[in-house]
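The values are calculated or read from the model by the stated rules, or taken from the named source; none is laboratory data. It should be emphasised that the depicted structure is a prediction, and the values quoted were computed from it without experimental measurement. Here the Cβ positions follow ideal geometry from the backbone for every residue, glycine too, while neighbour counts run over all protein chains shown.
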């Protein structure tokens, strides 16, 4: 696509850009990302202007098409323009323009970040709440009467004449500073989206979701709005923080049985009514999936989902099937546990997951299908050798498997509230039965973080154990629990104190005993029990 004849390059004074923003002639299309810069980044940008450093160019899309999905700049409400007025929509430079407007163009009384220049110390800073004679509010820069009043007031300062000269120099620099502006004229949405998709000038790479928002956007479809509808529906169930990438994959899986990029991009070709129907159907399927995750697998937040692919595939299944019968649910559990413990979707491509949608659907419907296609249950050797990590699918699957047993706190014997413990990933909810500090103290450097050394425990009770010697604290707990000691220990997939002397049990022997118990329990889950 050659757009050279519809591309205009030039430079614009800051004041000219601010005037266009104030008139509503420059707007932020809704497929842009939200403002994410910190106050420190804003101050640094203004300081770059003061040093006449380049701050990058602004890319605008000038079109007479009135975009239905648009928003104001940052936190500021800007005036509307007539529908037929050509408007410049920002494709790149949104963060910088927002800072420039907030610091230099917004009315002095408007909320949002305000910057000042300390004329004594010659540095930019966030404007203090109390007025100080030597700190110049940058929002007065282009307000002539207010600027002159401030300059006159500087005479009362002991170094007034010197500070006035510094202010005059500052005004001169900002008045003469020009920003490179590239304008694309009269391009269609189809032509603009690929350009926007390739933009990465700020050093903060757009996420897959950001790219898809751009690539699927149209005047009748805004992925941000559709994601919010789904998020709002899932919020009462505790899953409202669903990732935008997951949403768009679920939409594509439902619509095309695939999450390949070309199928995701095809969403923008749907009519408004088709989009509404698809979003509604996907939302209903996701509600069923979340119920399944909670009731069958004890998952109470996205933090404990071993793989995103699991929910994408489940969404397609529950869209196509209103409900699953008992044998289908059993096979579904076989697939879930085996895939999680065997890391089936680790680094999986979109094409791989798309193919698996059909494979899993066929497996669920086929009586007597061999679940081994999703891998075998992990061996006790694997459970001893794999390290516990929050972002590892096997670690998440282990926590879910431990929760299925209905664990009791080792310290007080009370049932662990797994819904609370698994509401978000908090390391304090998980305990090394043989504490890492203890193992380090005795010189045992191997397999300290083994999956077979982890149990669920509340944060407050975890602190009580701390780095205690397990040959002391475990026998003491067994004595404290008396006739329910076996129940408490077994609920954590640990050998019963009645059959195991914890006062002499060394760490390697403990790992051997517990990994064998865990292996049997996980094998049952992988069989669909």
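I need the full set of residues from region 408-441 which are in a loop (DSSP other than H, G, I, E, B), closer than 19 Å to residue 475 by Cα and touching a residue at least 40 places away in the same chain (Cβ under 8 Å), in order please.
Those that are in a loop (DSSP other than H, G, I, E, B), closer than 19 Å to residue 475 by Cα and touching a residue at least 40 places away in the same chain (Cβ under 8 Å): 409, 410, 411, 412, 413, 433, 434.
Read through the list (1) modelled with pLDDT of 95 or more; (2) within 19 Å of residue 244 (Cβ to Cβ), then give the number of the only condition that residue 350 fails.
The number of the failed condition is (1).
Name the residues in region 234-243 that are touching a residue at least 40 places away in the same chain (Cβ under 8 Å) and either surrounded by 14 or more Cβ atoms within 10 Å (Cβ to Cβ) or within 17 Å of residue 280 (Cβ to Cβ) (or both), would you? Give the steps one after another, and end with the answer.
First, pick out the residues of region 234-243 that are touching a residue at least 40 places away in the same chain (Cβ under 8 Å): 234, 237-239, 241-243.
Once the filter is applied, which keeps residues that are touching a residue at least 40 places away in the same chain (Cβ under 8 Å) and either surrounded by 14 or more Cβ atoms within 10 Å (Cβ to Cβ) or within 17 Å of residue 280 (Cβ to Cβ) (or both), region 234-243 yields 234, 237, 238, 239, 242, 243.
As an exercise: evaluate residue 405 against (1) over 30 Å from residue 310 (Cα atoms); (2) surrounded by fewer than 21 Cβ atoms within 10 Å (Cβ to Cβ); (3) at pLDDT below 95 and give the number of the one condition it does not meet.
Just one mismatch for residue 405, condition (1).
Could you please find all residues in region 455-491 being crowded, with 21+ Cβ neighbours inside 10 Å, touching a residue at least 40 places away in the same chain (Cβ under 8 Å) and touching a strand residue (DSSP E or B) at 6+ places or on another chain (Cβ under 8 Å)?
455, 456, 457, 488, 491
Looking only at region 132-189, count how many residues are touching a helix residue (DSSP H, G or I) at 6+ places or on another chain (Cβ under 8 Å), over 29 Å from residue 20 (Cβ atoms) and surrounded by 13 or more Cβ atoms within 10 Å (Cβ to Cβ).
7
Given 358, 368, which one is exposed (fewer than 14 other Cβ atoms within 10 Å of the Cβ), assigned to a helix (DSSP H, G or I) and outside the structural domain of residue 496 (by TED's automatic domain parsing)?
The unique qualifying residue is 358.
In this structure, is residue 231 surrounded by 17 or more Cβ atoms within 10 Å (Cβ to Cβ), assigned to a helix (DSSP H, G or I), modelled with pLDDT of 80 or more and not assigned by TED's automatic domain parsing to the domain that holds residue 49?
Here the answer is yes, as residue 231 does meet what is asked.
Read through the list (1) assigned to a helix (DSSP H, G or I); (2) touching a residue at least 40 places away in the same chain (Cβ under 8 Å); (3) under 18 Å from residue 103 (Cβ atoms), then give the number of the only condition that residue 125 fails.
Only one criterion in (1) assigned to a helix (DSSP H, G or I); (2) touching a residue at least 40 places away in the same chain (Cβ under 8 Å); (3) under 18 Å from residue 103 (Cβ atoms) is unmet by residue 125, namely (1).
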